[in-house]
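The structure appears below as structure tokens.
Computed from the coordinates by the stated procedures, all read-outs in this text should not be read as laboratory data. As the structure is a prediction and not an experimental result, all values here were calculated from the model. Cβ placement follows ideal geometry from the backbone for every residue including glycine, while neighbour counts extend to all protein chains displayed.
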Amino acid sequence: MMTSFNHYAFGSVANWIFRTTGGLAPAEPGWKTVRVEPVPGGGLTFATTSYLSPYGTVSTDWTVDEEGVFQLTLVVPPNSKAEVVLPGDTQNVITVGSGTHSFKVSG
């Protein structure tokens, strides 16, 4: 049994969680612009993820209720911005600055 958390086999799971489930990825080197594109599904009804970027912590917190309504709270650190792509509307990119932002998509 492998017990080293330095082995990339475990790192790839963590990478998938914050990039796919949480939707966090750098849109440019250094995370000054963050791409936020959470992918709900597979029975998941909520996720909370965060990443400590050079500009501060960027985080997502999303839920999907019984009616399929998706709600996202996004925190963008100072001096950075985010490009947000919401589920079901992958052609529309919403650009927001630093601060706390909320989004809602009907199911």
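Calculated mean residue ellipticity at 222 nm for the chain: -2500 deg cm²/dmol, from DSSP H runs with n ≥ 4 weighted as -39500 (n - 2.57), summed, divided by the residue count and rounded to 500. Amide H contacts under 5 Å for SER80: SER98, restricted to partners 5 or more places along the chain or on a different chain, H placed in the peptide plane at 1.01 Å from N. Once the chain from THR57 to THR33 is taken as fully extended at 0.36 nm per residue, the excess over their C-alpha distance is 7.4 nm.
The protection proxy used here, the mean number of other Cβ atoms lying within 10 Å of each residue, ranks peptides 95-101, 81-87 as follows, highest first: 81-87, 95-101.
Here SER12 and GLU67 are evaluated by their C-beta separation; at R0 = 30 Å the FRET efficiency comes out at 0.30. Computed from phi, the 3J(HN,Hα) profile of the stretch 61-70 under the Karplus parametrisation 6.51, -1.76, 1.60 (θ = phi - 60°) reads 9, 10, 9, 10, 8, 4, 8, x, 7, 9 Hz, with x in place of Gly and Pro. In the stretch 12-107, Cα pairs under 8 Å separated by at least six residues give a relative contact order of 23 percent.
Only one residue of PRO78, THR21, SER106 has its Cα farthest out toward the positive end of the dipole of the stretch 13-107, where Lys and Arg carry +1 and Asp and Glu -1 on Cβ, and that residue is PRO78. What residues have an amide H closer than 5 Å to that of VAL36, excluding those fewer than 5 places away on the same chain, when H is modeled at 1.01 Å from N in the peptide plane? Placed amide hydrogens put GLU83, VAL84, VAL85 under 5 Å from VAL36. Distance between the 7 Å Cα→Cβ label points at SER106 and VAL75: 3.1 nm.
Considering only TRP62, TRP31, TRP16, the Gaussian network model of the chain with Cα springs below 10 Å gives its largest mean-square fluctuation to TRP16.
Where does the Debye-calculated log10 I(q)/I(0) of the chain sit at q = 0.14, 0.24 Å⁻¹, using only Cα point scatterers of equal weight, no solvent? Summing over Cα pairs of the chain leads to -0.55, -1.31.
Of the three principal axes defined by the Cα atoms of the stretch 8-49, the extents in descending order read 32, 23, 13 Å.
Here the Karplus curve 6.51 cos²θ - 1.76 cosθ + 1.60, taken at θ = phi - 60°, turns the phi angles of the stretch 25-35 into couplings of 7, x, 8, 8, x, x, 6, 5, 10, 10, 8 Hz, with x standing for Gly and Pro.
In order along the stretch 97-107, the phi-based Karplus estimate (6.51 cos²θ - 1.76 cosθ + 1.60, θ = phi - 60°) of 3J(HN,Hα) comes to x, 5, x, 9, 10, 10, 9, 9, 10, 6, x Hz; Gly and Pro are listed as x. Note on THR90 and ALA25: the model spin-label points, each 7 Å out from Cα along the C-beta direction, lie 1.1 nm apart.
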